[in-house]
Amino acid sequence: MPEEEATKNTYDESAAVWTVHRSQSDFWLEELKIFHKLLPNGSILEIGSGAGRDVENLVNLGYKYTGTDISEGMLKIARQKFPKQKFYRQSVYDLSFPKEFDGFWAAAVLLHIPKSRMVEALGKIRNTMKPGAVGFISLKDGSGENLQEDDFGDKKLRRFYSYWTKDEFINVLEVAEYELLEYSYKPNVGSTKENWYCFFVKTL
C-alpha cells in the first residue's frame with residue numbers, strides 16, 4: 001500500500017539519524033523478562049529488527065537469533081553492528097521461512113500495519129512458527145489510522161500508524177489463531193510520552 005511504502009522510504013532515508021536518536025536498548029527490558037519467562041530458550045525471529053536495537057539483549061538471553069526488516073538502510077547498520085547474526089530484507093507479508101522458530105519478537109513494528117491487513121500479517125508470522133510458539137507484540141494505544149509526519153533531524157518524513165485498544169487487538173488475535181498469554185501496559189514512556197500495549201501470545 002502507498003502508506004506502507006512511504007514508511008519504508010522514511011526508514012531507508014533516515015536510518016543513520018534514527019539509529020542515533022532511537023537506540024535506547026533498555027526500552028523493553030521489563031517485557032524481555034516476561035518474554036524470557038515464557039520462552040526460556042530456542043530460536044526466535046525478530047520482525048522489524050531495524051538497526052538492531054534489541055538484538056544484543058535477545059542474543060544475551062541465549063536465543064538463536066534471526067532478524068528481518070523492510071528497510072535496507074536499517075539492515076545495513078544492523079549487519080555492521082552484529083556481523084555474526086543473520087538479517088534478511090523481508091516484509092512481514094513475504095516471510096519465506098519454514099515453520100522453524102520457537103518464538104518471535106515484534107516490538108513497535110506491527111503498528112505500521114493497516115488494520116485491514118493485520119490478520120494477514122499475523123498469519124504470515126504464524127506460518128514461520130512451530131506450534132505453540134511464543135511471541136511479543138507492542139502497539140500504540142489509541143484509535144484509527146493516519147499517515148503522520150515526524151521530525152528526523154532536519155527533515156520531516158512520513159510514517160503510517162494504526163492505533164489500537166486492548167479489546168480490539170485481542171479480537172484480532174483470536175481471529176488470527178493466537179492465544180493471549182500475558183498483557184502489560186506502558187503509559188507515558190519515551191521522548192513523546194506515548195502509551196503502549198504489550199501482548200505476549202502463543203500460536204495455536
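Bear in mind these aren't lab numbers, they're just calculated from the coordinates by the rules spelled out. Note that this is a predicted model, so its numbers are computed, not measured. For neighbour counting, all protein chains shown are included, and Cβ atoms are generated from backbone atoms with ideal geometry for every residue, glycine included.
So the values come out like this:
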{"quantity": "In nm, spacing of pseudo-spin labels at residue 72 and residue 5 (7 Å Cα→C-beta vector)", "calculated": "1.6 nm"}
{"quantity": "Cα-projected label distance for residue 148 with residue 175, points at 7 Å along beta-carbon direction, nm", "calculated": "2.3 nm"}
{"quantity": "10 Å Cβ shell holding at most 15 others, DSSP loop, GluC sites (Glu not before Pro): longest site-free stretch of the chain", "calculated": "1-99"}
{"quantity": "The chain, relative contact order in percent, only Cα pairs under 8 angstrom and at least six apart counted", "calculated": "20 percent"}
{"quantity": "DSSP-defined antiparallel bridges as percent of all bridges, the chain, nearest 5", "calculated": "55 percent"}
{"quantity": "Full-extension gain in nm, residue 120 to residue 60, via 0.36 nm per residue minus C-alpha separation", "calculated": "18.5 nm"}
{"quantity": "Theoretical ellipticity at 222 nm over the chain - DSSP helices of four or more residues, -39500 (n - 2.57) apiece, nearest 500", "calculated": "-9500 deg cm²/dmol"}
{"quantity": "Computed lengthening from residue 188 to residue 37, 0.36 nm per intervening residue step minus Cα-Cα distance", "calculated": "51.8 nm"}
{"quantity": "All-pairs Cα distance distribution in the chain, expressed in whole percent, bin size 10 Å", "calculated": "9, 37, 41, 13, 0"}
{"quantity": "In segment 119-204, trypsin sites (Lys or Arg not before Pro) in a DSSP loop with at most 16 other beta-carbon atoms within 10 Å", "calculated": "193"}
